[in-house]
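Reviewing the structure listed below.
Derivation of every value follows stated rules applied to the coordinates shown; laboratory data play no part. All values reported here derive from a predicted model rather than from experimental measurement. Every residue, glycine among them, receives a Cβ derived from its backbone with ideal geometry; neighbour counts consider all protein chains shown.
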Amino acid sequence: MAQNTIGTIFKVTTFGESHGAGLGCVIDGVPAGIKIDENRIQQALDRRKPGQNFGGKNNASVTARKEDDKAEILSGIFEGKSEGTPIGIVIRNTSQHSKDYGNLASTFRPGHADFAFFEKYGFRDYRGGGRSSGRETAARVAAGSVALQILENLCNIKITAWTERAAGISINKVDFSEIEQNALRAPDNEAAEKMNAKIEEIRANKDSAGGIIACRVTGLPAGWGEPVFGKLDAELAKAVVSIGAVKGIEFGAGFAASDSTGSRNNDNMRTAADGNVIFESNNAGGITGGISNGNDIFFRVAVKPVPSIFQSQKTISVDEAGLFTDSDLVIEGRHDVCLCPRIIPVIEAMTAIVLADLALQNRAAKI
C-alpha cells in the first residue's frame, strides 16, 4: 500500500489498523530545539477519542467504544525539545471487538471502502475497515499537535474548527467560547442542543447524520504557499479531503462565488493606520494565487453521514471462487452516528500539518 505519507519537508507517515495492536505516526523534518509539550499531544488525542459526554449529558453522536488513546513517544523528543530526528508516536488499541465484524468477512458494507479495497488488493482487513477506518485519524491528530507547536514558534497562529451544521440544523451565531461547552462542538449552545436532540432521534431510527464543519486560521502571515502546484488552498484541500468522511471543501465564498460578480467578489484592500494592509471582505478565504494574503484562512467542509447504520441494507457477498451474489446486511458493533464533533480535531490537525510543511518550505523560498 502506497501513499501513507504527507508533506515535503515536514513529513508525516501514519501506520496501523483499527483492530490491530495499535496505530501511530512517524514525523520527519522537525527542526531541532523546538519545545514540544507531550501533554498537549495527549490533550489533542483526548478531544478526538470516542466515548465522550459533555457535562454528564449523553452525546448522541459518538460511538460507545472507549479507548484511552494514550500517546507513547518512542523517539525524537528529549527534555521537552525536538532532537531533529524522527518523532515516533504509537497509540495502542485496547477496546477492539473484532467478533462484531465476523459477518463482514465476505460481505461488503454499503458506503464503506470494503468493496473498493477488495477490488484493489484482492483481500482486505474486514475488522472495522482496517486501514480505511476513521480510527487511523488518531495518528493524524498526534502529528497535528506537533505541527501546531512548530507553527507557534514562528507566528501567533490559531486554528479553530467548529460544527456549523449537523443533521440539517444550522448555528445562528459564532461564539468560540461555546465550542467546547456542548456535544457537537458548535459555537452556539442553543443550536447544539437542537442538533443533539435530532441526532438522538436519528440514532433511535438506526440511521446516521452528516454535517458541515467550518475552519478559521488566524495569525498566518502573507506569503505562505507556492504559486503553481503547491498552492496553499490545493494543499489544504488534498489534506482535508484525505479524511475518509469528507466529501467536499470550499474556501471563502466558495461555490457562492459562481453566482457573484467581480465587483462583489473581489476583496477590496486598504492601508490601516499602522501601515498594514486590511481587507474589506474575505471572499477569497485568505488565499490569492495559491498564497496566503494575510487575511484569515477560512474554509468549510462537507462531512457525509456515517455509513455504518443498523438498518438492513442491500449489498453483495463474495464466495471462495470470487463470485458475487446479492445479500442483505445488518451491521453490528459500536459506531458513531454523526462524525462532526470528533472530526473537528482531525481537520485542525491536517490544517496544522500542511501549514507546518509550507512554513518550512517558505524559509527556503528567498534569502
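Taking 0.36 nm per residue of sequence separation and subtracting the Cα-Cα distance, how much length would be gained by fully extending the chain between Thr271 and Ser258, in nm to one decimal?
Full extension from Thr271 to Ser258 adds 1.8 nm.
Over the C-alpha atoms of the stretch 5-362, what are the Rg and the largest Cα-to-Cα span, Dmax, in Å?
Calculated on Cα positions, Rg and Dmax stand at 21.2, 75 Å.
Could you name the aspartates and glutamates whose alpha carbon sits less than 19 Å from that of Lys194, not counting residues in the same chain fewer than 8 places away?
Glu164, Asp175, Glu178, Glu180, Asp207, Asp336
How high is the relative contact order of the chain, in percent, counting Cα pairs under 8 Å that sit 6 or more residues apart?
Details: 794 pairs, mean separation 82.7, N = 367.
Over the chain, the number comes to 23 percent.
Loop only by DSSP, 12 or fewer other Cβ within 10 Å of the Cβ. Give me the trypsin sites (Lys or Arg not before Pro) in the stretch 220-252 that pass, ordered by residue number.
Listed in order of number, the matching sites amount to none.
Loop by DSSP (not H, G, I, E, B), at most 15 other beta-carbon atoms within 10 Å: where is the longest site-free stretch of the chain for chymotrypsin sites (Phe, Trp or Tyr not before Pro)?
Longest run free of exposed loop sites: 230-367.
Sort 258-265, 282-289 for me by packing, meaning the mean count of neighbouring Cβ atoms within 10 Å per residue, highest on top.
The densest-packed peptide leads the list: 282-289, 258-265.
In whole angstrom, note down how far apart the Cα centers of the stretch 224-279 and the stretch 186-206 are.
Distance between centres, Cα-based: 31 Å.
For Ala186, list long-range residues whose amide hydrogen, built 1.01 Å from N in the peptide plane, is under 5 Å from its own amide hydrogen.
Thr163
Excluding Thr14 itself, what net charge comes from residues whose Cβ is under 10 Å from its Cβ, given Lys and Arg +1 and Asp and Glu -1? Intermediate results must be reported in sequence, preceding the final value.
Details: positive: Arg131, Arg140; negative: Glu136.
After counting each charged neighbour, the total is +1.
Only helices at least 18 Å long along their axis, Cα-based, and averaging -0.5 or more on Kyte-Doolittle count here, so list those DSSP H runs from the chain.
Helices passing the filter in the chain: 137-152, 340-362.
Excluding Gly289 itself, calculate the net charge of residues whose Cβ lies under 15 Å from the Cβ of Gly289, where each Lys or Arg counts +1 and each Asp or Glu counts -1.
Every neighbour counted, the sum reads -3.
Set the Förster radius R0 to 35 Å, insert the Cβ-Cβ distance between Lys314 and Gln181 as r into 1/(1 + (r/R0)^6), and round the FRET efficiency to 0.05.
About 0.30, to the nearest 0.05.
Let me have the relative contact order for the stretch 160-213, percent, based on Cα pairs under 8 Å that are six or more residues apart.
RCO, the stretch 160-213: 41 percent.
Compute the signed sum of charges (Lys and Arg +1, Asp and Glu -1) over the other residues within less than 14 Å, Cβ to Cβ, of Thr325.
On the way: positive: Lys314; negative: Asp319, Glu320, Asp326, Asp328.
Around Thr325, the charge tally is -3.
Are there any trypsin sites (Lys or Arg not before Pro) in the stretch 99-189 that are in a DSSP loop and have at most 13 other Cβ atoms within 10 Å? List them by number.
Lys173
Considering only Cα-Cα distances, which of the following residue pairs are longer than 28 Å: Lys11/Lys173; Lys173/Lys198; Lys35/Lys70; Lys158/Lys206; Lys173/Lys231?
The pairs that break the limit, which is 28 Å between Cα atoms, are Lys11/Lys173; Lys158/Lys206; Lys173/Lys231.
Give me the number: length gained by fully extending Asn103 to Glu79, i.e. 0.36 nm times residue separation minus the C-alpha to C-alpha distance, one decimal in nm.
Length difference between fully extended and current span is 3.8 nm.
Can you pull out the GluC sites (Glu not before Pro) in the stretch 304-367 that DSSP calls coil and that have at most 12 other Cβ atoms within 10 Å?
Sparse-neighbourhood loop GluC sites (Glu not before Pro): Glu320.
So what is the relative contact order of the stretch 141-294, in percent, for Cα pairs below 8 Å that sit 6 or more residues apart?
21
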